[in-house]
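Asker: Below: one structure in structure tokens.
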Amino acid sequence: MKYRFAVLVALLASTLCTLAADKPLRVFIRASNSPQVAGEHDAPRFLQEWTRLLNERGATVTGGQRFPFAAELEQTDVLVLFTGAETGVSESDRKTLERFTKRGGGVVALHDTLGGVEATWSKAVFGGSIQTGSTNTSRGLTGLYFQDFPHPITQGIANFDMQDEIFRKVELSPDAKVLATTFHTAKEIIPQMWVYEKRKARTFVALQGHNQSTFGLPAYRGLILRGIAWAGKRPVDALVRQSELASFPYPTGGPTPPEEAAKKIRVSPEFDLSLVAAEPMVVKPISVDWDPRGRMWVAVTPEYPFKEDKSPAKDAILILEDTNGDGRMDKRSVFYEGLKLVTSFVFHRDGVIVSQAPQILFLRDTNGDGKADKREVLFDGFGTYDTHAVINNLRLGLDGWVYGCQGYSGTQSTNIVNARRQKFG
């Protein structure tokens, strides 16, 4: 009887979710009163353009240059806020917003909306707080760097640059999950986009949007559309179109599409440059070599430069082949997967010697099936202080020795031992 009841509840929940997804997403856009400068922080223009855009995409949109009434929020799934430090949120509006989120309403906060909100309350409702003003912000070329962990909003997006504004003083709630960061200096890595879930409510915050042109970038527009859908508990791609989806892997201001990369590279006239392999066949290649059969071996490090210690290692040594002779690799096999921040390899006997600080490994294929079946630690103890400066670039010298490089993490390479525990200092 309990089993039947559980099944009935599950089916009912599934039916309710399906019914909700079938209804248009109801959005209220709250914009501030006037732009600071034409084309900058232009909330009224955002209200006009995004009301039209979201309606065209199948949502039902209302809004205004005021905070919505409680009765309006009763008919709203997602509240989009594009205000500023000068706007603020009144005490009565705070209570209205709290009731809205308590029942599971979604919130999307853009640009410096959080700047007009008291920090403690902001972190409780939006998952974070910001400080505005000329000493706490910086305008110009702004890079967004997306975290490697998967999240529906940022799935498939590449890092990219744009002309906008960064906020340097950001404080987050412990439960907020950072989606993208930027940097002001090499030691100032600052969250600029995050999500926050509290009870039934979802909040998405994106701090860029000072320039109106930012919302015209297909990739950034797609992220905001995904954020609105996610906050409203809809499929994240419910509002995006193919133009936005196509921009995610190679956004404006981001990496060059592989087919276009050759146009940016100059080579001597006696050389020919052609595309051999690209994503998704290889992701973050870091070392390449060819074997006597003409196969291309590639070390890939999708988790570089950071590695979550609790997750399985994903770096690998791949074997790529051109089976039809057109010059483009079309067959991919995995020689070994499970490396942690691999930097290079060199062929040796029935396998490859691999640099992977703190170790140098020998990965062997003892039965000739094209996959490593034996892993030996040749040396251990190399420094790991900075993943950008570990052992790397193994090469076979003409004298039969294997040579390599050691970055400044070598200051920690003071207790190197071989498999027999013989010390090398």
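Asker: Which residue is surrounded by the fewest Cβ atoms within 10 Å (Cβ to Cβ), if the candidates are limited to the range 287-336 and must be at pLDDT 95 or above and small (Gly, Ala, Ser)?
Answerer: SER333
Asker: Residues being touching a residue at least 60 places away in the same chain (Cβ under 8 Å), touching an Asp or Glu at 6+ places or on another chain (Cβ under 8 Å) and either among the β-branched types (Val, Ile, Thr) or not assigned by TED's automatic domain parsing to the domain that holds ALA180 (or both): count how many of those fall in the range 199-242.
Answerer: Residues in the range 199-242 being touching a residue at least 60 places away in the same chain (Cβ under 8 Å), touching an Asp or Glu at 6+ places or on another chain (Cβ under 8 Å) and either among the β-branched types (Val, Ile, Thr) or not assigned by TED's automatic domain parsing to the domain that holds ALA180 (or both): 1 in total.
Asker: Among the listed residues LEU79, LEU73, which satisfies the condition of being more than 18 Å from ALA206 (Cα to Cα), surrounded by 14 or more Cβ atoms within 10 Å (Cβ to Cβ) and in contact (Cβ under 8 Å) with a residue 24 or more places away in the chain?
Answerer: On the way: LEU79 fails: more than 18 Å from ALA206 (Cα to Cα).
The conditions single out LEU73.
Asker: Being crowded, with 20+ Cβ neighbours inside 10 Å and not β-branched (Val, Ile, Thr): is that true of SER138 here?
Answerer: Details: crowded, with 20+ Cβ neighbours inside 10 Å: no; not β-branched (Val, Ile, Thr): yes.
No: the conditions fail for SER138.
Asker: What about PRO292, is it over 30 Å from ASP22 (Cβ atoms) and part of a loop (DSSP other than H, G, I, E, B)?
Answerer: The answer is yes for PRO292.
Asker: Further, regarding this structure: Could you tell me whether ASN159 is polar (S, T, N, Q), touching a residue at least 12 places away in the same chain (Cβ under 8 Å) and closer than 30 Å to ALA313 by Cα?
Answerer: yes
Asker: So, in the range 27-50, how many residues would count as being buried (at least 20 other Cβ atoms within 10 Å of the Cβ) and assigned to a helix (DSSP H, G or I)? So that I can check it myself, show each step before the final result.
Answerer: Keep residues of the range 27-50 that are buried (at least 20 other Cβ atoms within 10 Å of the Cβ), which gives 27-32, 41-43, 46-47, 50.
Applying the additional criterion that residues be assigned to a helix (DSSP H, G or I) yields 43, 46-47, 50.
Qualifying residue count for the region: 4.
Asker: In the range 84-108, what residues are at pLDDT below 90 and either in a loop (DSSP other than H, G, I, E, B) or within 21 Å of TRP194 (Cα to Cα) (or both)? Break it down into steps so the answer makes sense when it comes.
Answerer: Here is the first cut: in the range 84-108, the residues at pLDDT below 90 are 84-92.
Hits for the range 84-108 are GLY84, ALA85, GLU86, THR87, GLY88, VAL89, SER90.
Asker: Do any strands (runs of 3 or more DSSP E) entirely within the range 342-425 hold 2 or more residues that are free of Cβ contacts under 8 Å to residues at least 60 places away in the same chain and among the charged types (D, E, K, R), and if so, which? Please lay out each step first, then the result.
Answerer: Working: elements: 344-348, 351-356, 359-364, 374-380, 392-396, 402-405.
Correct list: 374-380.
The values are calculated or read from the model by the stated rules, or taken from the named source; none is laboratory data. Remember, predicted model here, so these are calculated numbers, not experimental data. Don't worry about glycine lacking a Cβ; one is built from the backbone with ideal geometry, like all the others, and counts go over all protein chains shown.
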